[in-house]
């Protein structure tokens, strides 16, 4: 079997275990052992299967064994672990995947995790970065690719995590290695170590504990189907939850993962909308800055008036610049696209370096010219993750000395202001910690999206990551305040289907502002196309607040969508009493009368819109059409001429043609029809024309003449290529 087929078999095996289908799981596990040639595991699977059969035998014999559930869970857990052991043994020598390539190198070196821990500690004590950095990477690789660590090794790692003398930067590397190792296969000892790291409470280990909490959440999500087999996990989580900041931190982790969904959306907008707009502005008559931005930034300072003129000439760009600041303040990752191409430096050949905390003392950033450039990068700490800081440094270190020195001076000048901002942030511990969580998640995002071997990993960011739905985390996220915060982020960022269940739960529990919850649930349902459900919720909210203009409009819109214009009209007329001159409401009232063929009433409202805002084409179109239907052709003709003089639509030409035809002006009608179809094919015209057939007949046009006009248009307009019958 190929590696792909073996992987498929393994995933099927895990799926059977997830579903508790033990007979099929044992069969697949036996088959997996056979096809991979890992016969040393045969006795273990036979032992598991025999134990399970004995349990079943006692059950069907009527034995009431109180330990049956525990025994079955233990068998299932051991089957998972055996499946992972077989997979690693089978793939270890043959798979080209990054994990197994690194694993082979680690095993070839023959140095264990405990020995490397001692090396790292000794190098740190001696201040020897030259040897300490490679040792830290070896430690990362060894911990990551050791699928099941023993108790002695776990004890040594635990001691390092708790040691005040062990380098904090390497502690964070340990956390990331534990996370990646757990993504490869579940290991109880690694999970225990993550809980140990998350429980650290010293001031200098805040980042370690925050990153460990992120890693715990991801691991719980990945293995949600088997967590019941490890009661210790829930026990450790309960202990961790006793920490005073746990719930706030957990909420921040969830919110920051939700915001990662925005990364690609922002990247696409930047590429497809903003950069073309900038390029358009920079090439208008040779005015403004040059397009060699790197040269401008690195050399002489760019004139700030250029950017003002650029932004000032573009409403789109001006709006984007305002939005950019808001997104950055909110924590959206705006730099992924910028730094994506800058992950090809040799530094990133080491997997551990993707997670290494930034330090200007790293040997790869040795300042050969003494200009202190790298120190200035610290001024970017507030919004750049560690991975991006290294990328930026490596890019800038390739600049000529003079340009690099100038940029270093500029960065150091910005440092004072930034330190003041960070000092203020430290006063808000929650905000500070949420930013740190967000920066670590960006490191993870860079790794899973940009690592050269990313195809070898299951991308965690392709999953929903809806942590609040995990049963094991629910007790810590079930309060109304936390759930509302999560729902608000989902709703604000355009994920109504994720927000909907939260609002439903809060309403069912009777917690929170019921009117607002009904409103927002209705909005979610309407956004996903459930108009009936949305209407139900809006009406419930309207019972509480009958004078909400927003609700009245929403209810009316739902009734219109459900083809109930009379009901929609009731709510629109109520809105009109609250706000008599709202053009949008007046228009929709006219539309409701029109849909009920109450043309005289509709015309009154369209006239009012046209009077209040003569530039409103929608009001003019309503006046013109109602005038046509009521036989007021002179009035309709006058209005259509006004519409045709200012950005006309094809329908305007079509309806002007109807008016001329009903007035007996066939030639003029034909000319308008040709203009309605300009640049289009016959199918486009016929779709519009046929929809108005009944209106033309009511206007006195003979059905035979309608057919003649349609045939003439078909002769003169291009036909779309006919599709063959299937």
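In this structure, residue 641 and residue 528 have a Cβ-Cβ separation that, at R0 = 56 Å, corresponds to a calculated FRET efficiency of about 0.85. If a spin label sat at a point 7 angstrom from the Cα of residue 148 along the line to its beta carbon, the backbone N atoms of segment 30-48 nearer than 12 Å would be those of 41, 44-45. Short-range pairs are left out: with C-alpha atoms under 8 Å and at least six residues apart, the relative contact order of the chain is 7 percent. Label positions at residue 665 and residue 34, each projected 7 Å from the Cα along the C-beta direction, are separated by 8.7 nm.
Diffusion of segment 591-672 by Stokes-Einstein, at 25 °C in a medium of 0.890 mPa s and with Rh set to the Kirkwood radius over alpha-carbon pairs, works out to 196 µm²/s.
Principal axis analysis of the Cα atoms in segment 653-726 yields extents of 43, 23, 16 Å, listed in decreasing size.
Simple spin-label estimate for residue 508 and residue 364 gives 4.9 nm between the two label positions (7 Å along the Cα-to-Cβ direction from each Cα).
Binning all Cα-Cα separations of segment 3-91 at 10 Å, short to long from zero, yields these whole-percent fractions: 17, 50, 25, 8, 1. Compared with the direct C-alpha span, the chain from residue 327 to residue 245 gains 27.0 nm at full extension, assuming 0.36 nm per residue. Ordering of 664-671, 202-209, 531-538, 653-660 by packing is 653-660, 531-538, 202-209, 664-671, highest average first (other Cβ atoms within 10 Å, averaged per residue).
Estimated at 0.36 nm per residue, the fully extended path between residue 4 and residue 536 surpasses their Cα-Cα distance by 186.6 nm. For the pair residue 630 and residue 715, a Förster radius of 25 Å applied to the C-beta separation gives a FRET efficiency near 0.15, rounded to the nearest 0.05. Given an 8 Å cut-off on Cα distances and at least 6 residues of separation, report the relative contact order of segment 1-61 as a percent. After rounding, I find 25 percent. Subtracting the Cα-Cα distance of residue 338 and residue 164 from their residue separation scaled by 0.36 nm leaves 58.9 nm. Helical runs (DSSP H, four residues minimum) scored at -39500 (n - 2.57) apiece and divided by the length of the chain put the mean residue ellipticity at 222 nm at -22000 deg cm²/dmol. Working note: Cα atoms of the chain, range along each principal axis, descending, whole Å: 99, 85, 57. Computed on segment 653-726, with alpha-carbon pairs under 8 angstrom and 6+ residues apart, the relative contact order is 33 percent. Distance from the Cα centroid of segment 428-503 to that of segment 594-634 is 50 Å (rounded to whole angstrom).
When ranked by the protection proxy of mean other Cβ atoms within 10 Å per residue, highest first, what sequence do the peptides 481-493, 455-467, 624-636 form? Can you show the working numbers first?
Numbers: 481-493: 18.4, 455-467: 14.2, 624-636: 20.0.
Top of the packing list down: 624-636, 481-493, 455-467.
Taking label points 7 Å from Cα along the Cα-to-Cβ direction, residue 128 and residue 583 give a separation of 7.7 nm.
Read-outs: derived from the displayed coordinates by stated rules, not from any lab. Note that the structure is predicted; figures quoted are calculated from it, not measured. Please note: Cβ atoms are built from the backbone with ideal geometry, for glycine as well, and neighbour counts cover all protein chains shown.
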